[in-house]
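As structure tokens, the structure follows; a few thoughts come after it.
Readers should treat all values here as calculations from the given coordinates under stated rules, not as data from a laboratory. Keep in mind it's a predicted model, so treat the numbers as computed, not measured. Reconstructed Cβ throughout: ideal geometry from the backbone, glycine too, with neighbour counts over all protein chains shown.
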Amino acid sequence: MLEAHVLASGSDGNCTVIESDGEAIMIDAGVSCRRILSLMEREGIDSSCVKAILLTHEHTDHIMGAGPTARKLNVPVYCNRPTFEACNLGKIDYRQISTGTSFELCGMNILPLPTSHNAAEPNAFLTEADGKKILVATDTGKLTYQVEHALSISDLAIIESNYDTNMLTNGPYPFNLKKLIGSDIGHLSNVACANAIKRTERKGRKIFLAHLSKTNNTPDTARETVAEIIGEKRFNIDCLEFPGDTRTLKVKA
Ligand SMILES: [Zn+2]
Ligand SMILES: [Zn+2]
């Protein structure tokens, strides 16, 4: 069975573990190594199952614990060359991947997809095992064609719903930061996320809203906006509720 453990999601750090038959990959390690280990223990993940760390892009909320965690677990780090060059991970076992080229790891097929974000070469990841697909797509100002297609074929989509437009506009961020977040290379709004889900409607697909802004969004606002636009009951749309919350999402074959 394919399952995703969302250990952290948002501006304070992002980390998701995807497990298939007792082996796992970690997508992003944006909190401290110590915290990652304690979150894994809490979620019942045996850290020896984790065989690799994959990085989406070089922003601190995605890589903060990557070097120490890779060394502690003695696992390689996979990311594209521009991302690697933009990070400073210390001494690690680096494995180069290319956007658009799939590779095999832990019995899973992993496809790095381009996102649209203010980073060197940011990626989303589509992971497939036993005919089931999990998409992890955050930090993207708009959905690229490739991510939108992946959304249309995934069984579980962990997708960014970063901000409420009114909260961003009227919030405390400086003008230039507001402009960047709202741009095509910033983050995805609740409405843009919902519209993408609606456009790519797929029966049985689970949606998990990710990377919610602490300042410009709330779990209730995100869920309510998305639920209304896609015509789904609010309790069918999930996201992390509070700092330190985690979630295990199962995709049954
Ligand atoms: Zn970012
Ligand atoms: Zn981020």
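Here are some notes:
- Residue separation of Glu104 and Leu177 scaled by 0.36 nm, minus their Cα-Cα distance, works out to 22.5 nm of gained length.
- Only the Cβ atoms of Lys and Arg (+1) and of Asp and Glu (-1) were treated as charged; on that basis the dipole of the chain about its Cα centre amounts to roughly 120 debye.
- For the chain, DSSP calls about 60 percent of its internal beta bridges antiparallel.
- This ranking places Thr56, Thr165 by how few other beta-carbon atoms lie within 10 Å of each, fewest first, which gives Thr165, Thr56.
- Estimated vicinal HN-Hα couplings, Hz - the range 47-52 in sequence order (Karplus 6.51, -1.76, 1.60; Gly, Pro = x): 4, 6, 6, 6, 9, 6
- Computed from phi, the 3J(HN,Hα) profile of the range 214-223 under the Karplus parametrisation 6.51, -1.76, 1.60 (θ = phi - 60°) reads 6, 8, 10, 6, 9, x, 5, 4, 4, 4 Hz, with x in place of Gly and Pro.
- Chain lengthening between Asn166 and Arg71 when straightened (0.36 nm per residue, less Cα-Cα): 30.0 nm
- Listed residue pairs exceeding 27 Å between alpha carbons, taken from Lys133/Lys179; Lys51/Lys133; Lys142/Lys178; Lys142/Lys206; Lys133/Lys233: Lys133/Lys179
- Distance from the C-alpha centroid of the range 81-149 to that of the range 164-231: 21 Å, rounded to the whole angstrom.
- Long-range amide H partners of Ala210 with built H, under 5 Å: Ile159, Glu160, Ser161
- Listed from fewest to most Cβ neighbours within 10 Å, the set Thr115, Thr246 follows the order Thr246, Thr115.
- Residue order, fewest to most surrounding Cβ atoms within 10 angstrom, among Cys239, Cys106, Cys79: Cys106, Cys239, Cys79
- The chain, helix-only ellipticity at 222 nm - DSSP H runs n ≥ 4, -39,500 (n - 2.57), divided by all residues, nearest 500: -7500 deg cm²/dmol
- Gain on full stretching of the segment that runs from Lys252 to Thr215 - 0.36 nm per residue minus C-alpha separation: 9.8 nm
- Candidate aspartates and glutamates for bridging to Lys198, where Cα separation is under 20 Å - those fewer than 8 sequence places away on the same chain excluded: Asp139, Glu148, Asp155, Glu160, Asp164, Asp184, Asp220, Glu224, Glu228, Glu232, Asp238
- Diffusion coefficient of the chain by Stokes-Einstein, Kirkwood radius over Cα pairs, 37 °C, 0.692 mPa s: 184 µm²/s.
- Phi-based couplings in Hz for the range 233-238 (Karplus 6.51, -1.76, 1.60; Gly and Pro marked x): 5, 4, 6, 7, 10, 10
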